[in-house]
Amino acid sequence: MSMNTARAGADESRTPVIAEPAPEIVAPRSGDRPLHPVSTALAAHAAGDRRCDSCGQPLAEDALNDGPTGLIERWHWDELAEEEIARSRSLGHSVALIMLDLDRFKDVNDNYGHLAGDAVLRGVADVIRDTTRVGDLACRYGGSAGDEFMVLLPEAGLEEALVVAERIRSEITAMSVTAKVTRDMSATIEGQTVSIGVATYCLGDLAELDLEDLMLDADVSLRAAKRHGRDRICVANVDVTREQAKRTQADRRSPSWSRLRRLRSV
């Protein structure tokens, strides 16, 4: 069996690309500054502790999961996310939403086939599982062919959300996925990038806004990330990767921004 190495979205005829050195970590990794664990009840709920509306029997976990990725099935995610928004509102907790879209993912399917595309989606799902907490709610967004993902972070503000978003971005970029492209040939797909939009609500916001508003704000930020060149994180239509390079020394003394001042300009 032959093997070739290619970058995501590249033409198969191109010569193998030597991986560039890993970029500087632009924000503290989530493991360096642990987020507070969510409640046991929410963790059990996210794990699929659900019952059939008609018979009351426990539902199989697989029925509530997205087949290709194993993440929470989208419509079930909506239910859980709405419940978490309500819980956060009642307890006065902040909540954050990360929305991500794989850059030029159609090129992967076109060049290497849809089975290879599924392998990349599974790799992304593994990255999300490895970089989030028990109780965070992750789903694949956009239907059976979707290459978008959402992660709701209970009890997390902007700083924590940016830490997790950057970890996801950098680890997807470093990801290497090997998949069959024909019956006799496999390819190693590397260099996949992702654009990420982040939205956060605190107690004052939650008094007025709901899950749909949070999703709309994250989607606006995601579109800004795409518009500004992809492979970046945007918050409230601001490209944080560029804005950080422009901040003054006075701004850098602010505790919430000082940890993020090294955000990479791409």
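The values are calculated or read from the model by the stated rules, or taken from the named source; none is laboratory data. Treat the numbers as computed from the prediction; the structure is a model and nothing was measured. Positions of Cβ are generated from backbone atoms using ideal geometry, with glycine treated the same way; all protein chains shown enter the neighbour counts. Areas reflect the complete protein model, heavy atoms only, side chains present, ligands, DNA and RNA absent. Shrake-Rupley method; radii C 1.70, N 1.55, O 1.52, S 1.80 Å.
Quick grid of which residues meet (1) within 14 Å of the chain's Cα centre (by Cα); (2) modelled with pLDDT of 95 or more:
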site: 150; (1), (2): yes, yes
site: 165; (1), (2): yes, yes
site: 171; (1), (2): yes, yes
site: 176; (1), (2): no, yes
site: 196; (1), (2): yes, yes
site: 202; (1), (2): no, no
site: 215; (1), (2): yes, yes
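Against the definition (without any contact (Cβ under 8 Å) to a residue 24 or more places away in the chain, farther than 19 Å from residue 215 by Cα, open to solvent by 10 Å² or more (accessible area, probe 1.4 Å) and among the hydroxyl-bearing types (Ser, Thr, Tyr)), how does residue 90 come out, yes or no? Answer is yes for this residue.
Just to be sure, is residue 170 in contact with a Lys or Arg (Cβ under 7 Å, 6 or more places away or on another chain) and among the polar types (S, T, N, Q)?
no
Do we have residue 138 as closer than 16 Å to residue 215 by Cβ and either buried (at least 21 other Cβ atoms within 10 Å of the Cβ) or of a type in the set (Val, Ile, Thr) (or both) here? Spelling it out, residue 138 is indeed closer than 16 Å to residue 215 by Cβ and either buried (at least 21 other Cβ atoms within 10 Å of the Cβ) or of a type in the set (Val, Ile, Thr) (or both).
Against the list (1) open to solvent by 30 Å² or more (accessible area, probe 1.4 Å); (2) modelled with pLDDT under 95; (3) closer than 20 Å to residue 72 by Cβ, the condition residue 158 fails is (3).
Close contacts from the stretch 94-105, counting a first residue that is in contact (Cβ under 8 Å) with a residue 40 or more places away in the chain and more than 15 Å from residue 229 (Cα to Cα) and a second that is of a type in the set (S, T, N, Q) and assigned to a strand (DSSP E or B), with Cβ to Cβ under 9 Å and a gap of 6+ residues or different chains, come to 94/200; 95/200; 96/200; 97/200.
Selection of the stretch 167-203 for residues being assigned to a helix (DSSP H, G or I) and open to solvent by less than 10 Å² (accessible area, probe 1.4 Å) yields 168, 169, 172. Against the conditions (1) open to solvent by 20 Å² or more (accessible area, probe 1.4 Å); (2) closer than 22 Å to residue 219 by Cα; (3) not hydrophobic (A, V, I, L, M, F, W, C), residue 118 satisfies every one except (2).
Out of curiosity, is residue 108 of a type in the set (Val, Ile, Thr), within 16 Å of residue 179 (Cα to Cα) and out of contact with any strand residue (DSSP E or B) (no Cβ under 6 Å at 6 or more places or on another chain)? Judged against the criteria, residue 108 is a match.
Hey, can you tell me all the residues within the stretch 204-219 that are crowded, with 17+ Cβ neighbours inside 10 Å, among the aliphatic types (A, V, I, L, M) and farther than 23 Å from residue 173 by Cβ? 206, 211, 214, 215, listed by residue number.
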